[in-house]
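Everything on this sheet refers to the single structure shown next.
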Amino acid sequence: MSKMGNRFSPEVRDRAVRMVGEHRADYGSEWEAMSSIASKIGCTTETLRRWCRTEAGRRAAPAAQGVDDKARLKLLEREVKELRRANEILRKASAYFCNGGARPPREMMMAFVDVHREDLGIEPICRELAIAPSSYHEHAARLADPARRSARARRDDGMCEQIRRVHEASFGLYGSRKVWHQLRREGFDVAKCTVERLMRTMRLAGIRRGKKTITTVSNPKAPCPLDKVNREFRVDRPNALWVVDFTYVHTWAGFVYVAFVIDAYARRIVGWKVSTSATAGFVLDALEQAIHARRPGPDDGLIHHSDRGVQYLAMNYTQRLAEANLVPSVGSVGDSYDNALAETINGLYKAEVIWRQRSWPSVSAVEMATLSWVDWYNNHRLFGPLGYIPPAEAEANYYAACDALDMAA
C-alpha cells in the first residue's frame, strides 16, 4: 500500500479524484467510474476509492467545523447575554444597596425587585441576589393584600406615620430620643429602639450641632516669649514687625487651614500657606516663604509676633526663628487685641474671599482663590491707613525715599 501510494505524486492523485467527480455521470456507478479511471492511471480501483474518500473527508471537515463554530457561537452569545443581564442587575443593585451593609435588609431587596422586575425579570434578579422566587411572590401577595402582613409590620406602618408627624412638627430638629419622648407624652407605648429602627428605615435624623473649631490651642507648660509689641502695630519701616496667625475654611471635604505672615509696616502679606491640617509644619511653611522673600538680617531686629498657639511655640518653629535672626514675641491667651493686626487680615480674607462663595469644594479651590486674593491684596487693594495705596506701593515709596536721602547725603 505504501509503495503504491508513493508511486503517484500528489498532483496525479488530485487529478484522478477530480476526474472521478467530473465523469461520474458517464458511468453506471461510482465504482465503474473509479475502475475505468484507475486502470488508465495505473493504480488499483481500491486505491483510487481511498483517495476519493480521503478528499471527501478533507472537504467535509471545514463544513463540519463551520457547523460546530455556529453552535458554539450561538452558545457564547447566549452566555454573553446572560452575563450582561447579570452585570446590569448587579450594577443597579450596588447603587441601590450602597448603604445596606454586607447583605442588605430583606425589605430593601424586595423593593429592588419591585422596581426592576419589568426590565430585568423576576427570576434573574432573584438568582443574582440569592432570593427564593417564592419569597418574592409572597412579598408581592402581602403588598396586594395588607391583611396577610405580619402584626409587627402593620404596627410599624402606623408608628411610622406618628414618627413622621412628630419629626415634621419639630421642623426636622428632633432626633430619635426626643421623638420617643414626645410619643410617650402623647400616650404611645413604643420602645426607644423601635423609634430608632423606624427612623433609620425612613432616613430621618435630628439636627446636630457643629463642632466648634478652635485654632489657638495653648500649652501652659511650654516656655513662652514675652510680648514685645504690646498692641502697638505701627512701625516706621518694613522688616521691623511681622504678625502671624491662621484661620480655617469649611469645604466639602472638611476644614482647610490658611496661615498668613504680615509685615506690619504696609500690612503686606509676605508669606501664606493652605493646608488640611493645623500643624507646626504648616505654619512653618508660611514662615519659610516670608524669610526667603524678605531675607531679614541680624541688623533688622525683626520682631515675630504671634498668639500662644502650640504651632508657633513648637521647637522646630522657634529654632527657625533663631536661625533667621527673628525676635519672638507672643501675646496673651484669649485676647484678640494682642494680635489685632493679624486678626484684621484674617477678617478681610474671610469677607473678601471665603464668605462671598456659598461653599468650597476642595483645598485646591481654596488655595487658588487665596493665591489670587493675596496677589490682588498686595498689589492692588487700596488701604485707607496707607493713604489709599496698595501695600506694595507703600513699601516702594519707603525704599525710594531712603534712596533719595542716601543720594542727598
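Above 13 Å, the calculated P(r) of segment 150-202 contains 52 percent of its Cα-Cα pairs. Result for the chain in a Gaussian network model with C-alpha springs under 10 Å: among GLU46, GLU393, GLU352, the largest mean-square fluctuation is at GLU46. Ordering ALA400, ASN230, LEU129 by the projection of their Cα atoms onto the charge dipole of the chain, which places +1 on the Cβ of Lys and Arg and -1 on the Cβ of Asp and Glu, puts LEU129 at the extreme positive end. Taking Cα atoms only, the orientation of helix 106-120 departs from the longest principal axis of the chain by about 50 degrees. Note on ALA71 and SER359: with the Förster distance fixed at 41 Å, the Cβ-Cβ geometry gives a FRET efficiency of about 0.10. Please check: in the Gaussian network model of the chain (C-alpha springs, under 10 Å), which one of LEU73, LEU321, LEU287 has the largest mean-square fluctuation. Most flexible of the set in this elastic network: LEU73. Looking at segment 339-373, the chymotrypsin sites (Phe, Trp or Tyr not before Pro) that sit in a DSSP loop and have at most 13 other Cβ atoms within 10 Å of their own Cβ are TRP355. The TRP252 and ARG59 beta-carbon pair, evaluated with R₀ = 45 Å, returns a calculated FRET efficiency of approximately 0.05. When segment 304-409 is described by a simple charge dipole with +1 on each Lys and Arg Cβ and -1 on each Asp and Glu Cβ, the residue from GLY384, ALA365, GLN319 located farthest towards its positive end is ALA365.
Please go through segment 131-204 and write out the trypsin sites (Lys or Arg not before Pro) that DSSP classes as loop and that have at most 11 other C-beta atoms within 10 Å. Let's see the in-between values first.
Numbers: sites: ARG142, ARG148, ARG149, ARG152, ARG154, ARG155, ARG164, ARG165, ARG177, LYS178, ARG184, ARG185, LYS192, ARG197, ARG200, ARG203; in loops: ARG149, ARG203.
Those that pass, being in a loop and sparsely packed, are ARG203.
Determine the calculated [θ] at 222 nm for the chain from helices alone, applying -39500 (n - 2.57) to every DSSP H run no shorter than 4 residues and normalising by the residue count; nearest 500 deg cm²/dmol.
Values: 15 runs with 226 residues, N = 409.
Helix contribution divided over all residues of the chain: -18000 deg cm²/dmol.
In this simple spin-label model, placing a label point 7 Å from the Cα along the Cα-to-Cβ direction at both VAL80 and ARG50 gives a separation of 4.5 nm. Within segment 229-277, the trypsin sites (Lys or Arg not before Pro) that combine a DSSP coil assignment with at most 15 other C-beta atoms in a 10 angstrom radius are ARG231, ARG234. For segment 241-408, the orientation-averaged shadow of the C-alpha convex hull comes to 10.5 nm² (one quarter of the hull surface).
Rounded to the nearest 5, what % of the DSSP beta bridges within the chain are antiparallel ones?
70
A dipole drawn for the chain from +1 and -1 charges on Cβ atoms has a positive end, and of ILE345, THR45, PHE260 the residue lying farthest that way is THR45. For the chain, what class follows from the C-alpha gyration tensor (a ≥ b ≥ c being the square roots of its eigenvalues): rounded when a/c is under 1.5, otherwise prolate if a/b is larger than b/c, else oblate? It comes out oblate by the Cα gyration axes. Using only side-chain charges placed at the Cβ, +1 for Lys and Arg and -1 for Asp and Glu, the dipole size of the chain relative to its Cα centre rounds to 2500 debye.
Since every read-out is calculated from the coordinates, none of them should be taken as a lab result. What you see is a predicted model, and the numbers here were worked out from it, not measured in a lab. All Cβ positions, glycine included, derive from the backbone under ideal geometry; neighbour counts span all protein chains shown.
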